[in-house]
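**Student:** I'd like to ask some things about the structure below.
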Amino acid sequence: MKKKITIFSKIPAYKNFIYDRDQALEHIHANAQKKISDILRPTFYISLRHAYFSLLNVNPAIQTFSKLDKAKQISDFIDQQFNSAAMQIEREIKEFRKNIYAFIYLSELAALTNVLGRSLPFDVSEQTLNNYANRETRAGGQAGERMAYYLRLLRRKLVTKIEQGLLLNKTPKQILENLLATLPPMKKLSLNKPKLRKLHEADEPKGRVTVGFISADQRKKMVDEYLNKYIPKWRTPDAENIMRPTGAWTGKLSEDFVYAWQVEKEATQELLDGVGEVSREAQQDAGINDWIYEAVIDNKVCDDCCLPMDGMLYSEFKDLPKSEQHCGFFAPLHFNCRCRVIPVGGELAEKTDIKIGGFQSWLEQMQKLNPYA
């Protein structure tokens, strides 16, 4: 006789909490995207402005090697700007990783408390956060190395445009227009308005959030990343002032525009990976050892990996022949994978003595929590 299981996503106290948590993570992710673009925007514009004014001093009649030497000088300047940007972005990515680790891990434990009805201990130490912040990316290598790699590719494209423009005797304005067209495209963030409510005194919950440790500084950063909308420093007036003398400024940008390129895609995938991995770590720490695979069944579903896994338990997956486990179990299984794995348990008590309440109630408790409790 097959044992009865409870799928946690069918329990409103868990499902609603996780839904609100994931909405909050989208806001934290948007803040990270804006911060990265806020570093790139002045880097790109200052580099292109330097290139433009350097090209104004080039005599079209000079020999080819002199033109290429000028392109090399511009390339060196761009390289300095891009290296500096890569280091700044690496720091932002590490902070982003720390925030989402703390946010996902602690919120998952809180959601599980609603289901399991018992206090769940935690320890989010600085060493744990640093380990997560310094891990390799899914594509391989450190985040800073990936960022530097993409910027090197972009610099090479820009310098090639400059060299071609000089050899074809194009005007500085024409070359600049080609450089602007080479930059990553911009996209507008399409997010629902986040729940930026001020925290208020809530009714006392039936139990403590949990018992454990997280530094007061990290706890504040984690909560603030959700409550505060990041306002870019390098917005339209700054960019316009840099580029206006070149005559190439093409219009205004909203603060909700970010660069849509490989860096942004990897940051998005990083968040998706983190939700699955860190949630599962919290679930295992809470004593959960089985999950059910939930695929999104539509015309985009992956027939090779995701569709056959839908509705399968991890305990069943482990018993499959190795030849049938090639895709793995824990989603996301591939880039843009929309599937997820849901924790399952045995029969759960209908009434428990300890509940956290909703996501907002948990957030309020986290803000007031004594980190040494």
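The values are calculated or read from the model by the stated rules, or taken from the named source; none is laboratory data. Being a predicted model, the structure only gives us computed values, none of them experimental. Glycine also receives a Cβ, built like all others from the backbone with ideal geometry; neighbour counts cover every protein chain displayed.
**Student:** Of the residues that make up the stretch 221-239, is at least one under 19 Å from S107 (Cβ atoms) and at pLDDT below 65?
**Tutor:** Looking through the stretch 221-239, none of the residues is under 19 Å from S107 (Cβ atoms) and at pLDDT below 65.
**Student:** Of the residues that sit in the stretch 124-150 and are assigned to a helix (DSSP H, G or I) and of a type in the set (S, T, N, Q), which one is farthest from the chain's Cα centre (by Cα)?
**Tutor:** Q127
**Student:** Does T210 count as out of contact with any helix residue (DSSP H, G or I) (no Cβ under 7 Å at 6 or more places or on another chain), modelled with pLDDT under 60 and either farther than 16 Å from W362 by Cβ or of a type in the set (V, I, T) (or both)?
**Tutor:** So T210 does not fit the description; no.
**Student:** Against the condition without any contact (Cβ under 8 Å) to a residue 24 or more places away in the chain, among the charged types (D, E, K, R) and surrounded by fewer than 21 Cβ atoms within 10 Å (Cβ to Cβ), how does R118 come out, does it pass?
**Tutor:** No; evaluated as a whole, the condition is false for this residue.
**Student:** Then there's this: Mind listing whichever residues of the stretch 1-21 are in contact with a helix residue (DSSP H, G or I) (Cβ under 7 Å, 6 or more places away or on another chain) and either without any contact (Cβ under 8 Å) to a residue 12 or more places away in the chain or assigned to a helix (DSSP H, G or I) (or both)?
**Tutor:** If the condition is that a residue be in contact with a helix residue (DSSP H, G or I) (Cβ under 7 Å, 6 or more places away or on another chain) and either without any contact (Cβ under 8 Å) to a residue 12 or more places away in the chain or assigned to a helix (DSSP H, G or I) (or both), then F8, S9, A13, Y14, K15, F17, I18, D20, R21 are the ones that fit.
**Student:** A further question on this structure: Would you check which residues across the stretch 126-173 are farther than 30 Å from L56 by Cβ, among the acidic types (D, E) and either in contact (Cβ under 8 Å) with a residue 12 or more places away in the chain or buried (at least 18 other Cβ atoms within 10 Å of the Cβ) (or both) and list them?
**Tutor:** E126
**Student:** Show the residue pairs that are 6+ apart or on different chains and have beta-carbon atoms under 6 Å apart, the first residue being within the stretch 268-281 and more than 14 Å from A143 (Cα to Cα) and touching a residue at least 24 places away in the same chain (Cβ under 8 Å), the second being hydroxyl-bearing (S, T, Y) and assigned to a helix (DSSP H, G or I).
**Tutor:** Listed pairs, sorted by first residue: V278/Y101; V278/Y105.
**Student:** Moving to a separate point now. If a residue counts only when it is out of contact with any Cys (no Cβ under 6 Å at 6 or more places or on another chain) and either farther than 26 Å from K4 by Cβ or at pLDDT below 75 (or both), which helices (runs of 4 or more DSSP H) contained entirely in the stretch 259-373 have at least 2 such residues?
**Tutor:** 262-285, 359-368
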